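Have a look at the structure below, then the notes.
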Amino acid sequence: MACTEADFAYLRSVVYEQSANKLDASRDYLFESRLQRLLRTTGLRTLDGLVAALRRQPDAAIKRSIAEAMTINETSFFRDHAPFEMMRLELIPELIRRRESCRRLRFWSAACSTGQEGYSLAMILCEHFPQLRDWRVEIIGTDISKEVIARAQAGRYQRLEVNRGLPARLLVKYMHRVEEEWEVVPELKRKCRFHQRNLCSGPMLLEKYDGILLRNVMLYFSSETRQRLLRNLHRVLAPDGFLILGSSEQPELPGHFQAVVQHNGCYYKPLPQRFDMDSAAGPGC
Ligand SMILES: C[S@@+](CC[C@H](N)C(=O)[O-])C[C@H]1O[C@@H](n2cnc3c(N)ncnc32)[C@H](O)[C@@H]1O
């Protein structure tokens, strides 16, 4: 028997409950192909069988797997180019001046997918800021999907993936060939750590970040979820740090961020909040 409208609505509600991603009914056809692997591992033969089994006996692990399978993991090295130029030319030099005393920088690639965003930033740091060699520099990447996090940790990419956005000069300097694939060199891997984490539930990472990249993920969330997430990010962003969003995204949270428009694009500075002791404490060192 094929899935009914009610079955698809149930699957959409599972995705929303687990990942806060609001799926449009026009994408229902994707469930069939994306959940094939899960069907095989659960031993269930059909999608409607899966829905019926979950309705009878809800299983948190299967629900999480459904949500993960439905994520859209599109990414590439130096995606959109402009934000990386902005970091290279303005934001990182400024942070280096401000962090001279503690010699520490922390970045967060939130919803990092397969890791290209974090490794692109690591390449910029190695390539253009040799003075950071003896600083403590960390790039944390997080994503809800276990599968993409495993790929980010492996740091291995297919030819098609490195051909998207990675200049040849950086490819030969920061990747080495492993059979048919390319693997990130240890120098970059040491700077990057990747963890599975849901941005919309569970505790936030507690330490402060000097820069947060939250790109091309908020579009899947409701306005309420976006606001809650941005409020949480504001708490963990250093008062003199920066937030970069996707080119079509905005921080729809009045009074928390100020847009700074530059010729290379736009970033957001956190605004101090009235009772925010962290913000009053000064820079993030
Ligand atoms: C389109 S990719 C964007 C990747 C990267 N930020 C970029 O701009 O190239 C969106 C990523 O968000 C992740 N994602 C979706 N919902 C999430 C959530 N609730 N928590 C964490 N990651 C989530 C997906 O797994 C996916 O890898």
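Below, the figures for the structure above:
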{"quantity": "Label-to-label distance, nm, for residues given as His195 and Thr46 (7 Å Cα→Cβ offset)", "calculated": "4.3"}
{"quantity": "Histogram of C-alpha separations across segment 148-264, 5 Å bin width, %", "calculated": "2, 9, 15, 18, 17, 14, 14, 8, 2, 0, 0"}
{"quantity": "Per-residue ³J(HN,Hα) for segment 74-82, Karplus 6.51 cos²θ - 1.76 cosθ + 1.60, θ = phi - 60°, Hz, x for Gly and Pro", "calculated": "3, 7, 6, 5, 6, 4, 6, 6, 4"}
{"quantity": "Lysine pair number, Cα distance threshold 27 Å (strictly under), the chain, separation 8 or more or different chains", "calculated": "12"}
{"quantity": "Enclosed volume per residue, in Å³, of the convex hull spanned by Cα atoms of the chain", "calculated": "143"}
{"quantity": "Segments 134-146, 33-45 sorted - mean Cβ within 10 Å per residue, highest first", "calculated": "134-146, 33-45"}
{"quantity": "Pair Gln158, Glu85: separation of 7 Å Cα→Cβ label points (nm)", "calculated": "3.0"}
{"quantity": "Under 12 Å, Cβ to Cβ, from Cys3 - net charge with Lys/Arg +1 and Asp/Glu -1", "calculated": "-4"}
{"quantity": "Nonlocal amide H pairs with Arg99, under 5 Å, H built at 1.01 Å", "calculated": "none"}
{"quantity": "D (Stokes-Einstein, µm²/s), Kirkwood Cα radius, segment 5-69, 0.692 mPa s at 37 °C", "calculated": "281"}
{"quantity": "Neighbour-count order for Asp24, Asp210, fewest beta carbons within 10 angstrom listed first", "calculated": "Asp24, Asp210"}
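Every number here is computed from the coordinates shown, using simple stated rules; none is lab data. Keep in mind that what you see is a predicted model, and the values were worked out from it rather than measured. Here the Cβ is made from the backbone with ideal geometry for all residues, glycine too, and neighbour counts use every protein chain on show.
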